[in-house]
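Okay, structure first, notes after.
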């Protein structure tokens with residue numbers, strides 16, 4: 001509470017004030033949704049076999065998060081407390097339907113590969129979690145920053161995991177619209193007389209968990225404050 | 001035999017956690033002790049066993065292309081499947097609420113055991129995942145869909161109880177400090193997933 005209410009003209013916060021920058025930056029490292037807050041893991045692991053799927057998934061989550069955060073933040077004083085979960089789920093589900101239909105129309109083969117996981121953005125706890133923890137108590141402006149920050153924190157883990165898995169698992173990198181680019185010469189592979197063999201274990205689901213485990217290991221050994229006991 | 005095959009497949013071969021990572025959030029958050037893990041696991045079996053058949057009926061008599069033709073032959077071309085996400089999640093959220101109230105009224109002991117976990121389940125990906133897989137795989141009858149729901153539920157329960165038991169024991173081991181807690185849980189789950197992959201390709 002400021003002491004001189006009478007004269008205070010409300011000072012406009014600049015777009016990149018310290019607070020907003022923190023909202024953007026914190027989720028990238030110290031409160032990362034996947035490695036620290038344990039939110040939104042299902043999709044993070046299941047769709048990281050190829051980079052292109054991870055890119056599409058990250059963009060979808062970014063869109064749904066910004067949309068849901070803004071809508072819920074605008075409605076925050078109208079939503080009755082008792083039914084807020086259902087209201088939030090309906091808002092998220094509508095946004096996810098938009099994403100799903102757009103993907104089916106413009107990226108049909110990736111949409112096929114993502115199968116049920118686009119639908120599962122609805123129950124992706126990262127979105128519900130941020131709505132509950134942030135958007136319900138804050139203005140739309142900061143909510144947008146929170147959404148972008150958390151979606152980015154989610155995205156970088158997804159991208160790193162999928163790059164590692166795709167390089168070691170298929171010896172290639174793929175981007176949406178470009179298809180898979182194999183950068184290792186064909187005659188390096190055992191099948192054509194070379195010495196190199198793709199590690200097929202990397203393509204299988206369990207390795208996603210191990211890769212995320214290693215990311216957590218690296219992150220926490222660099223920042224001792226995050227270590228659990 | 002068909003039912004048995006779907007049931008066993010749901011538990012071992014297509015385990016919700018190890019093959020699809022569904023419900024990982026609550027799996028990691030609520031697996032510190034076996035007792036709570038058991039409670040949550042039972043609640044998931046319960047809710048999956050109820051919501052999958054209801055969503056099956058919804059899918060086959062309302063949402064699917066031509067599903068509404070029982071109402072009027074003119075509706076044979078109506079395709080409402082784009083609404084399925086919103087319908088499924090609405091059914092799940094309201095069923096969870098309903099189940100919570102019924103259990104509280106008629107089985108207070110069970111409510112004591114499951115109570116706090118039931119609301120959590122509405123946002124557990126494995127429930128919606130169960131509904132979406134049911135939609136994708138097109139089970140021929142409601143019995144098979146229910147069996148699939150129960151089987152995946154049991155698979156999920158098995159996974160969370162197993163990891164909770166391991167986490168209770170690993171507290172006494174000398175894990176590198178940065179890996180403690182979350183990190184080691186991820187890696188153990190990965191190793192358990194590799195073990196579960198040995199069930200892959202089993203035909204019953």
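Observations
- Residue among A:31, A:17, A:43 with the largest mean-square fluctuation in a Gaussian network model of chain A, springs linking Cα atoms under 10 Å: A:17
- Each residue in A:79, A:126 was given a count of other beta-carbon atoms within 10 angstrom of its own, and listing them fewest first yields A:79, A:126.
- Entry note, chain A: relative contact order of 30 percent, from Cα contacts under 8 Å with a spacing of 6+ residues.
- If you wrap the Cα atoms of chain A in a convex hull and average its projected area over all directions, you get 17.1 nm².
- Helical contribution to [θ] at 222 nm, DSSP H n ≥ 4, -39,500 (n - 2.57), averaged over chain B, rounded to 500: -20500 deg cm²/dmol
- When B:22, B:58 are sorted by how many other C-beta atoms sit within 10 angstrom of their C-beta, beginning with the fewest, the order is B:58, B:22.
- Diffusion coefficient of the protein assembly as shown by Stokes-Einstein, Kirkwood radius over Cα pairs, 10 °C, 1.306 mPa s: 69 µm²/s.
- Shape call, segment B:80-171: gyration tensor on alpha carbons, a/c limit 1.5: oblate
- Reciprocal mean inverse distance between Cα atoms of segment A:107-229 - Kirkwood radius, Å: 17.7 Å
- Rounded to the nearest 10 degrees, the inclination of helix A:51-75 to the longest alpha-carbon principal axis of chain A is 10 degrees.
- Alpha-carbon centroids, segment B:93-152 and segment B:31-75: separation in whole Å: 7 Å
- Principal-axis tilt of helix A:205-222 within chain A, Cα atoms, nearest 10 degrees: 60 degrees
- The mean sequence distance of close C-alpha pairs (under 8 Å, at least 6 residues apart), as a share of the length of segment B:1-143, puts its relative contact order at 29 percent.
- Relative contact order %, segment B:76-204, counting alpha carbon pairs below 8 Å whose residues are six or more apart: 16 percent
- For chain B, convex hull volume per residue from C-alpha positions, Å³: 133 Å³
- Listed by Cβ neighbour count within 10 Å, with the fewest neighbours leading, A:162, A:192 appear as A:192, A:162.
- Angle in degrees between helix B:182-196 and the longest Cα principal axis of chain B, rounded to the nearest 10: 60 degrees
Values in this text are rule-based calculations from the coordinates and carry no lab data. Just so we're clear, the structure is a prediction, and the values are computed from it rather than from any experiment. Every residue, glycine as well, gets a Cβ built from its backbone with ideal geometry; the counts of neighbours run over all protein chains shown.
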